[in-house]
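**Q** Got a structure for you, written out below as structure tokens; questions coming shortly.
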Protein chains: 2
Amino acid sequence: MKQLLASTAAGLMALGLASSALAADLSPEEQIEIRQAGYEFMGWNMGKIKANLEGNYNAAQVESAANAIAAIANSGMGALYGPGTDKAVGDMKTRVKPEFFENMDDVKKIAGEFVEAANALAEVAAEGEAEAVKAAFADVGAACKACHQKYRAN
Amino acid sequence: MKQLLASTAAGLMALGLASSALAADLSPEEQIEIRQAGYEFMGWNMGKIKANLEGNYNAAQVESAANAIAAIANSGMGALYGPGTDKAVGDMKTRVKPEFFENMDDVKKIAGEFVEAANALAEVAAEGEAEAVKAAFADVGAACKACHQKYRAN
């Protein structure tokens with residue numbers, strides 16, 4: 001915990017993202033690499049859901065993709081934004097803007113909305129109705145975009 | 001589907017990993033990148049569970065970590081081993097051995113055991129008993145290792 005900036009820690013704890021076993025043993029480089037892995041894997045699963053909505057709808061594939069997105073969203077990725085992860089480290093680049101670390105209340109709000117949207121998508125995906133998934137999928141996309149537009153450089 | 005080698009496709013379909021919306025639009029480089037992202041993110045969550053078992057046990061953190069591992073394990077990563085992903089592509093390296101693609105029945109069996117172990121870990125993690133989690137965690141570790149030893153270069 002002591003490795004986290006106080007303001008960041010407060011924001012993360014409010015989200016239930018912090019604990020003694022967090023990023024304590026991870027270098028800034030590792031934290032950036034792992035959070036990018038999480039976003040990349042969610043992106044793949046978003047792509048699969050999109051393809052299903054635009055083509056033949058495979059309910060089982062959509063359900064597993066939505067579960068992966070929700071589980072990653074709920075895994076406490078806030079812990080991967082520790083000190084030193086606000087800019088490139090070694091060969092590891094990051095597109096996060098400095099504003100991310102300066103607006104933790106807003107980040108917390110946006111992250112909470114994303115988690116809610118991801119959970120809602122997983123719920124409707126389990127029911128197998130493509131139209132409901134389409135709406136919930138759009139909500140997740142909007143929640144992703146809300147953070148990207150404010151806190152991710154192009 | 002037609003982009004997949006027949007033998008690989010048969011193995012993946014038996015695992016329920018194949019569908020029309022699979023890796024069709026992903027380059028070999030993207031497939032390698034995404035599968036590595038999945039393993040990396042699972043590795044982070046394995047590390048969190050390990051830290052919890054060795055230190056203060058936070059049941060909520062262990063549960064969310066186990067859910068992330070299980071959801072990723074169930075997301076159909078077999079689709080990320082399409083043609084051309086058996087060796088480095090551009091700057092994207094891979095440690096997968098050629099034997100992986102030559103023993104799809106065995107890979108299918110090992111992958112199935114990994115998914116089962118990950119699901120079992122998620123189940124016991126939800127119950128919050130550290131001792132049960134410890135045993136299920138060891139099973140997941142063994143399932144990871146079973147593949148690494150045979151099909152991953154050092």
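The values are calculated or read from the model by the stated rules, or taken from the named source; none is laboratory data. Every value quoted in this text rests on a predicted model; they were computed, and no experiment measured them. So basically every Cβ, Gly included, is an ideal-geometry build from the backbone, and we count neighbours across all protein chains shown.
**Q** Do you know which residues across segment B:60-74 are in contact with a Ser or Thr (Cβ under 6 Å, 6 or more places away or on another chain), among the polar types (S, T, N, Q) and in a helix (DSSP H, G or I)?
**A** B:Q61, B:S64
**Q** Is it the case, given these coordinates, that B:I32 is surrounded by fewer than 23 Cβ atoms within 10 Å (Cβ to Cβ), of a type outside the set (K, R) and part of a helix (DSSP H, G or I)?
**A** no
Yes/no per residue for (1) crowded, with 23+ Cβ neighbours inside 10 Å; (2) touching a residue at least 12 places away in the same chain (Cβ under 8 Å); (3) over 13 Å from B:F41 (Cβ atoms):
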| residue | (1), (2), (3) |
| --- | --- |
| A:A65 | yes, yes, yes |
| A:I72 | yes, yes, no |
| A:K87 | no, no, yes |
| A:V107 | no, yes, yes |
| A:L121 | yes, yes, yes |
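**Q** Then there's this: Scan segment B:80-90 and tell me whether some residue there is among the basic types (K, R), touching a Phe, Trp or Tyr at 6+ places or on another chain (Cβ under 8 Å) and more than 13 Å from every other protein chain (Cβ to nearest Cβ).
**A** Scanning segment B:80-90, I find no residue that is among the basic types (K, R), touching a Phe, Trp or Tyr at 6+ places or on another chain (Cβ under 8 Å) and more than 13 Å from every other protein chain (Cβ to nearest Cβ), so the answer is no.
**Q** Going by the conditions given, is B:A79 among the hydrophobic types (A, V, I, L, M, F, W, C) and touching a Leu at 6+ places or on another chain (Cβ under 9 Å)?
**A** So B:A79 fits the description; yes.
**Q** Name the residues in segment A:36-59 that are more than 7 Å from every other protein chain (Cβ to nearest Cβ) and part of a helix (DSSP H, G or I), would you?
**A** A:Q36, A:Y39, A:M42, A:G43, A:M46, A:G47, A:I49, A:K50, A:L53, A:E54, A:A59, listed by residue number.
**Q** While we're looking at this one, here's another question. For B:N74, all conditions in the list (1) touching an Asp or Glu at 6+ places or on another chain (Cβ under 8 Å); (2) within 8 Å of another protein chain (Cβ to nearest Cβ); (3) closer than 16 Å to B:A143 by Cα hold save one; what is the number of the exception?
**A** It is condition (1) that B:N74 fails.
**Q** While we're here: Search segment B:20-54 for residues being of a type in the set (G, A, S) and at pLDDT 95 or above, and hand back the single one that is farthest from A:L26 (Cα to Cα).
**A** My answer is B:S27.
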